[in-house]
Amino acid sequence: MNIVFTCGGTGGHIYPAIAVANMFRRRVPDCRILFIGADGMEERIVPEAGFRMEKVEVSGFERKLTPAALAHNVKTFFTLRRSLSKAGKLLREFDADVVLGTGGYASFPALRAATINKIPCAVHESNAVPGLATKLVADHVDRIFVSFESCRASYGQPEKVTVTGTPVREEFLYLDRESARKKLGLDERPLVVSYWGSLGAREMNKIIARFMWHNAADDAFQHIHATGSFGWRWMPEYVKKEGVELNEHPNIRMQEYISDMPTVMAAADLIICRAGAATISEVLVAGVPAIIVPSPNVTNHHQEKNAQALAESGAAVVLPENACSGDLLYETAKGLLADPDRMHRMRKAMAELAVVDSAERIYEAVRELAESR
């Protein structure tokens with residue numbers, strides 16, 4: 001069995017594909033696996049996971065009508081023609097039995113080439129609303145996998161749609177709160193975990209610095225904050241401006257990255273985060289109540305719509321970035337932690353939305369497609 005995965009751009013597109021690929025590698029040891037991507041994060045992450053990757057050239061379309069944007073789109077059109085040709089050649093040479101795309105511009109050429117070459121294919125959309133690549137192939141692929149039941153209405157052929165959730169790393173599934181807290185050396189006070197992504201958001205890190213000032217003053221809970229790589233440069237200055245000396249407050253831990261996110265999430269009582277697809281799927285599986293501040297700088301307002309799906313179920317509180325402050329964020333967090341009944345309801349809502357066997361569901365459906373060829 002020869003399986004092709006195609007994805008790119010962000011971890012939210014790449015890691016779900018790797019989770020399903022790992023399941024194929026375990027369940028079907030003699031299968032052959034190929035990833036098709038571009039020059040994004042996948043160029044590093046996929047080989048590190050032990051999979052072969054081939055690249056196609058991709059370029060996004062500009063939505064503006066300026067002369068520069070129109071010239072860019074003409075160039076993108078010819079780039080797309082070349083990438084479709086190369087993707088088709090890769091699929092034929094690999095003798096692909098099935099193709100699974102998990103999003104990003106890099107996934108479009110291989111998915112479209114699969115439909116042209118009559119190779120069974122499916123697309124997984126981790127966001128609450130379909131991205132451009134998914135929209136362009138939705139009418140042509142055999143199956144569409146989505147994260148929430150409410151997503152079904154976004155597609156013109158709902159009979160193709162299966163709710164699978166979004167796969168996460170297996171470590172998120174098997175950790176318990178008590179052992180996680182012991183590993184992190186936490187005391188009995190609640191733990192709040194905050195992070196804004198791998199780079200870090202400047203304005204949101206300023207807000208967290210104010211949040212830390214409040215926590216340093218009343219010592220209400222323990223707090224771990226990941227600044228992100230850029231945020232690590234700015235954050236010490238912001239905290240200092242707030243008059244907080246972190247070495248005097250061991251309940252507050254500031255670090256560039258959280259290297260063991262499954263353990264930290266298992267130990268947490270409350271998560272403060274963005275609403276990227278990968279983050280949302282991890283928070284759901286961890287089952288931790290969340291305060292979500294969606295990034296307003298994302299195409300088609302994906303993060304706002306992802307967050308809305310959790311807010312409507314009662315699993316999360318959503319604060320718009322333009323209305324958020326360190327004072328409001330702290331009072332919201334403190335209020336939630338002081339309301340055990342609401343926290344219980346939020347955990348329950350998270351559990352109802354989470355699909356813990358997402359990789360298994362997608363694996364079974366993709367294998368069925370491959371065997372139908």
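What the Cβ-Cβ distance of Glu48 and Glu371 gives, at R0 = 30 Å and to the nearest 0.05, is a FRET efficiency of 0.50. What's log10 of I(q)/I(0) for the range 171-353 at q = 0.17 Å⁻¹, Debye sum over Cα points only, no solvent? Listed by q, the Debye log ratios stand at -1.10.
If I take every Cα pair under 8 Å that is 6 or more residues apart in the chain, average their sequence separation and divide by the length, what percent do I get for the relative contact order?
16
Among 256-262, 307-313, what's the highest-first ranking by average C-beta atoms within 10 angstrom per residue?
Working: 256-262: 15.7, 307-313: 19.7.
Packing proxy ranking, top to bottom: 307-313, 256-262.
The charge dipole of the range 217-373, taken about its Cα centre with unit charges on the Cβ of Lys, Arg, Asp and Glu (plus for the first two, minus for the last two), comes to roughly 280 debye.
Cα-Cα pairs above 39 Å in the chain: how many percent? Numbers along the way, then the final one.
On the way: 13814 of 69378 pairs.
The answer is 20 percent, as a whole percent.
Charge dipole (Cα centre; +1 on Lys/Arg Cβ, -1 on Asp/Glu Cβ; no other charges) of the range 196-237 amounts to roughly 200 debye. Rounded to the nearest 10 degrees, the angle from helix 340-353 to the longest Cα principal axis of the chain is 10 degrees. Cβ-to-Cβ counts within 10 Å put Thr66, Thr263 in ascending order as Thr66, Thr263, the fewest first. Between the beta carbons of Glu170 and Arg82, assuming R0 = 51 Å, the FRET efficiency works out to 0.85 to the nearest 0.05.
Distance distribution P(r), the range 82-175, all Cα-Cα pairs, bin width 10 angstrom from 0: 17, 46, 27, 9, 1 percent.
Stretching Glu245 away from Glu360 to a fully extended chain increases their span by 36.7 nm, per 0.36 nm per residue minus the current alpha-carbon distance. Legend: residue pairs Lys55/Lys160; Lys135/Lys305; Lys135/Lys348; Lys89/Lys135; Lys183/Lys240, Cα-Cα distance threshold 26 Å; pairs beyond threshold, Lys55/Lys160; Lys135/Lys348; Lys183/Lys240. Rounded to the nearest 20 debye, the dipole size of the chain about its Cα centre is 1200 debye, using +1 on the Cβ of Lys and Arg and -1 on the Cβ of Asp and Glu. Working ranking of peptides 268-275, 350-357, 321-328 by packing, defined as the average number of other Cβ atoms within 10 Å per residue, highest first, is 268-275, 350-357, 321-328.
Taken together, the values in this text are just the output of simple stated rules run on the coordinates, not laboratory data. Treat the numbers as computed from the prediction; the structure is a model and nothing was measured. Note that each Cβ is placed from the backbone with ideal geometry, even for glycine, and that neighbours are counted across all protein chains shown.
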